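No value in this document is a laboratory result; all are computed from the given coordinates. Small disclaimer: the values here were computed from a predicted structure and weren't measured. Here the Cβ positions follow ideal geometry from the backbone for every residue, glycine too, while neighbour counts run over all protein chains shown.
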């Protein structure tokens, strides 16, 4: 009976993180849609959804507290608890960055915004990274986690390409500096979201292999 309750609590914790991830994924996707379409209504919807984040965080915190206080998990179970805690923190940061993105519509306008197709490509990659990092956690798929994190290089390359393009645009037309600055913020937010996805993938590798790694750079030694 005690063992069954223990397994049930572990499953609840995992499902709580997955549910949190799906909500954050929705918030990020909606924030990008709001930017692409310059849609204030969608942007407001993001802010409404974001207000529900505390409920997900509290559920995860309660699950972790119960497990640590009542069950004292060890080995792979303890890694799940640690990974859940870290992943939920990364998801919270992604939701905060998504909120920042959702605040951009209304502050920018014009065809020069839509001409930057690389921004949409960059956001598509980050969206895929978020989706696959969560899938890797759900399935405890180390290879998917590593493959997902590897896409961060593509995001970084696009970031620098777009950054240069925006700077050149502002140099040619100083009247757009104020609004174009928001685009510089936007690509920084997306780039940071991709980094947080890498961190989620690192937690997946730790969960499944007990190795602490840095997937967008140099591997650390196994602990």
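Ranked by Cβ crowding within 10 angstrom, fewest neighbours first, how are 35, 185 ordered? Please report the intermediate quantities before stating the final value.
On the way: 35 26, 185 15.
With the fewest neighbours first, 35, 185 line up as 185, 35.
What order do you get for 23-29, 7-13 when each peptide is scored by the mean count of other beta carbon atoms within 10 Å, highest first? Mind dumping the intermediate values first?
Working: 23-29: 21.6, 7-13: 15.9.
Highest mean packing first, the order is 23-29, 7-13.
Can you give the relative contact order of the chain as a percent, counting alpha carbon pairs under 8 Å and 6+ residues apart?
Values: 274 pairs, mean separation 53.7, N = 223.
Taking the mean separation of contacting Cα pairs over the length of the chain, I get 24 percent.
For region 1-107, take the convex hull of the Cα atoms, compute a quarter of its surface area, and give me that in nm², please. Walk me through the intermediate numbers first.
Details: hull surface 26.5 nm².
It is 6.6 nm².
For the chain, the longest principal axis of the Cα atoms and the long axis of helix 40-50 meet at an angle of about 20 degrees. Between 22, 86, 52, the GNM of the chain built on Cα springs shorter than 10 angstrom shows 52 fluctuating the most. For the options 167, 64, 119, a Gaussian network treatment of the chain with springs between C-alpha atoms closer than 10 Å singles out 167 as fluctuating the most. To the nearest ten degrees, helix 53-66 and the longest principal axis of the Cα atoms of the chain are 20 degrees apart. Helical content of the chain, expressed as a calculated mean residue ellipticity at 222 nm, amounts to -27500 deg cm²/dmol (DSSP H runs of 4 or more residues, -39,500 (n - 2.57) each, divided by residue number, nearest 500). Protection proxy ranking of 143-152, 195-204, by the mean of other Cβ atoms within 10 Å over each peptide's residues and highest first, is 195-204, 143-152. FRET efficiency for the pair residue 146 and residue 12, taken as 1/(1 + (r/R0)^6) with r the Cβ-Cβ distance and R0 = 30 Å, rounds to 0.60.
The order of 164, 155, going from fewest to most other C-beta atoms within 10 Å of their C-beta, is 164, 155. Taking other C-beta atoms within 10 angstrom as a stand-in for reagent exposure, 32, 48 fall in the order 48, 32, fewest first.
For the chain, the longest principal axis of the Cα atoms and the long axis of helix 152-172 meet at an angle of about 20 degrees.
Counting residues in region 117-223 as N, plug N into 2.2 N^0.38 Å and put the Cα Rg over that result. Kindly include the intermediate steps, with their values, before the conclusion.
Details: Rg = 16.4 Å, N = 107, 2.2 N^0.38 = 13.0 Å.
Region 117-223 yields a ratio of 1.26.
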